[in-house]
Structure formats: C-alpha cells, structure tokens
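The values are calculated or read from the model by the stated rules, or taken from the named source; none is laboratory data. Here the structure is a predicted model, which means the values were calculated and not measured. Because the Cβ atoms are built from the backbone with ideal geometry, glycine has one as well, and the counts that use them run over all protein chains shown.
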Amino acid sequence: MKILLDECVPWPMHKLLAGHECQSAKQRGWGGIKNGDLLRLAEGEYDLFITADQNIRYQQNLTRRTIGILELSTNNLHRITAAAELIVGVITRMPPRDFQLLEIP
C-alpha cells in the first residue's frame, strides 16, 4: 500500500508501517500545502493519507475522495509507537477510500 504521511505526523512513524511504501508530504515537496489541495495531489498516487489534523473531517468533504484517510488522535510519537499494533491492524482492515478516526490511548 502506498501511504502519504501528513506534515503533522512524525516521520519516524513510517518504521511502524513495514511492508508499505511511505512518503511524507514534505519529501514530495508538498510542504505547506493546504489539506484540500494536498488530498487532490495525493489521490491517484496514494492509497492512504495519514494525518493528525483533528479538523480535516470538518474542513473537507471526504465523501467523494478516492484516497483512504486515517486521522490519528495524536501526533505524539511515543503514543503512536506504543499503539503500533493497533494502527497496523486498522490500516490492514480499512476499506479503500474510507475515513477512519483512530483514538490512540
């Protein structure tokens, strides 16, 4: 699966996603691009967009998106690492083009 990590997601998270091709928005040269434009750029190139932006579901119409979106409840790397198994499980079971909010303990 091709995964794009939003700027607000710590890059070391990609190590938890072994077996997936991960890039960050910054690596793609998409740093500073607003979410709507970023999602349009990512559609067609990526299967999943991971963000910790708590407002994305309110700011964007997600019903017509052709990319899956996983919103993490935190961008704290320690908490993300501790929840690695949970995150990987959600990604594995997530239907294409779905939006999911993941509460990380």
**Message:** Which pairs turn up if I take residues in the stretch 38-66 that are farther than 17 Å from Val90 by Cβ and look for partners that are of a type in the set (Lys, Arg) with beta carbon separation below 8 Å, at least 6 apart in sequence or on another chain?
**Reply:** Leu39/Arg65; Leu41/Arg28; Glu43/Arg65; Glu45/Lys2; Arg65/Arg97; Thr66/Arg97
**Asked** Of the conditions (1) modelled with pLDDT under 95; (2) in contact with a strand residue (DSSP E or B) (Cβ under 9 Å, 6 or more places away or on another chain), Ala25 fails just one. Which one is it?
**Response** (1)
**Message:** For the structure I just gave you, tell me whether Thr81 is under 20 Å from Phe99 (Cβ atoms) and hydroxyl-bearing (Ser, Thr, Tyr).
**Reply:** no
**Complete:** Within the stretch 5-37, the count of residues that are among the aliphatic types (A, V, I, L, M), touching a helix residue (DSSP H, G or I) at 6+ places or on another chain (Cβ under 8 Å) and under 16 Å from Val90 (Cα atoms) comes to 4
**Asked** What strands (runs of 3 or more DSSP E) completely inside the stretch 1-81 contain at least 2 residues that are among the hydrophobic types (A, V, I, L, M, F, W, C)?
**Response** 2-5, 48-51, 68-72
**Prompt:** When only residues in the stretch 40-83 that are β-branched (Val, Ile, Thr) and over 13 Å from the mean Cα position of the chain (by Cα) count, which is farthest from Ser24 (Cα to Cα)?
**Reply:** Thr63
**Asked** Among the residues of the stretch 73-92, is any surrounded by 15 or more Cβ atoms within 10 Å (Cβ to Cβ) and basic (Lys, Arg)?
**Response** no
**Message:** Suppose we keep only residues that are touching a residue at least 12 places away in the same chain (Cβ under 8 Å) and of a type in the set (Gly, Ala, Ser) within the stretch 75-93. Which one would you say is nearest to Gly19 (Cα to Cα)?
**Reply:** Ala84
**Message:** Suppose we filter Pro10, Pro96, Pro105 for residues that are out of contact with any strand residue (DSSP E or B) (no Cβ under 9 Å at 6 or more places or on another chain) and in contact (Cβ under 8 Å) with a residue 40 or more places away in the chain; which single one remains?
**Reply:** Pro10
**Complete:** Picked from the stretch 82-105 (must be of a type in the set (Gly, Ala, Ser) and assigned to a helix (DSSP H, G or I)), the residue farthest from Leu4 (Cα to Cα) is Ala82
